[in-house]
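**Student:** My structure is below; once you've seen it, I'll send some questions.
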């Protein structure tokens, strides 16, 4: 993840999300996003339905309004650029790197850094999270965790 407002994606940040499943439905006119996030310092599971508004661009609500677009897709990763409008009308830009497996290659990290630069998010604002134990969800929000794509888009 990367964001100019780094506090949004670290510690108890509203956008410190741990993606588990992304799925295109209805001919990719809609997308299901399943992730874990923290609410009042408690980990909760969310399943959000996003609606397509333009090609590769979707809208959903989660603690505010999100309009996101898919910037990059490969066989193992996807990069999503999210405009998040907070309930108090602040606009936050976030890049999410989601991927299959439990690691990100140097080439994938470089691609993500290039996209951060293109979207004017400083590289020092990048935070990678990798799952340490795939078998357990216990304390998922308080530990490092990978984001995963379960279906291709």
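The values are calculated or read from the model by the stated rules, or taken from the named source; none is laboratory data. Nothing here was measured: the structure is a model prediction, and the numbers come from that model. We place every Cβ from the backbone using ideal geometry, glycine too, and count neighbours over all the protein chains shown.
**Student:** So how many residues does the range 58-86 have that are surrounded by 14 or more Cβ atoms within 10 Å (Cβ to Cβ), part of a strand (DSSP E or B) and either touching a helix residue (DSSP H, G or I) at 6+ places or on another chain (Cβ under 8 Å) or in contact (Cβ under 8 Å) with a residue 12 or more places away in the chain (or both)?
**Tutor:** 20
**Student:** Let me ask another. Among the candidates 141, 116, single out the residue that is modelled with pLDDT under 90 and either buried (at least 17 other Cβ atoms within 10 Å of the Cβ) or assigned to a strand (DSSP E or B) (or both).
**Tutor:** Within the list 141, 116, the selection yields 141.
**Student:** When you go through 95, 91, 85, 15 one by one, which is the residue that is closer than 22 Å to residue 116 by Cβ, modelled with pLDDT of 85 or more and under 13 Å from the mean Cα position of the chain (by Cα)?
**Tutor:** Numbers: 91 fails: under 13 Å from the mean Cα position of the chain (by Cα); 85 fails: under 13 Å from the mean Cα position of the chain (by Cα); 15 fails: modelled with pLDDT of 85 or more.
Every option except 95 fails the conditions.
**Student:** Here's something else I'd like to know. Would you point out which residue out of 27, 37 is under 12 Å from the mean Cα position of the chain (by Cα) and modelled with pLDDT under 90?
**Tutor:** Working: 27 fails: under 12 Å from the mean Cα position of the chain (by Cα).
Going through 27, 37 in turn, the sole match is 37.
**Student:** Then there is this: Collect the residues in the range 17-29 that are within 18 Å of residue 96 (Cβ to Cβ) and not in a loop (DSSP other than H, G, I, E, B), keeping them in residue-number order.
**Tutor:** Those that are within 18 Å of residue 96 (Cβ to Cβ) and not in a loop (DSSP other than H, G, I, E, B): 18, 19, 20, 21, 22, 23, 24.
**Student:** Moving on. Yes or no: residue 1 crowded, with 19+ Cβ neighbours inside 10 Å and farther than 24 Å from residue 125 by Cβ? Show your work before the answer.
**Tutor:** Details: crowded, with 19+ Cβ neighbours inside 10 Å: yes; farther than 24 Å from residue 125 by Cβ: no.
No.
**Student:** From the list 41, 89, which residue is over 19 Å from residue 23 (Cα atoms), exposed (fewer than 14 other Cβ atoms within 10 Å of the Cβ) and in contact with a helix residue (DSSP H, G or I) (Cβ under 9 Å, 6 or more places away or on another chain)? If you could, list the steps in order and put the result at the bottom.
**Tutor:** Numbers: 89 fails: in contact with a helix residue (DSSP H, G or I) (Cβ under 9 Å, 6 or more places away or on another chain).
Answer to the check: 41.
**Student:** Being in contact with a strand residue (DSSP E or B) (Cβ under 6 Å, 6 or more places away or on another chain) and within 21 Å of residue 120 (Cα to Cα) is true for just one of 20, 69. Which residue is that?
**Tutor:** On the way: 20 fails: within 21 Å of residue 120 (Cα to Cα).
Selected residue: 69, the only one of 20, 69 that is in contact with a strand residue (DSSP E or B) (Cβ under 6 Å, 6 or more places away or on another chain) and within 21 Å of residue 120 (Cα to Cα).
**Student:** Ok, one more. Restricting the search to the range 15-34, which residues are without any contact (Cβ under 8 Å) to a residue 60 or more places away in the chain and either within 20 Å of residue 83 (Cα to Cα) or in contact with a helix residue (DSSP H, G or I) (Cβ under 6 Å, 6 or more places away or on another chain) (or both)?
**Tutor:** Filtering the range 15-34 down to residues without any contact (Cβ under 8 Å) to a residue 60 or more places away in the chain leaves 25-27, 29-30, 32-34.
Within the range 15-34, 29, 30, 32, 33, 34 qualify.
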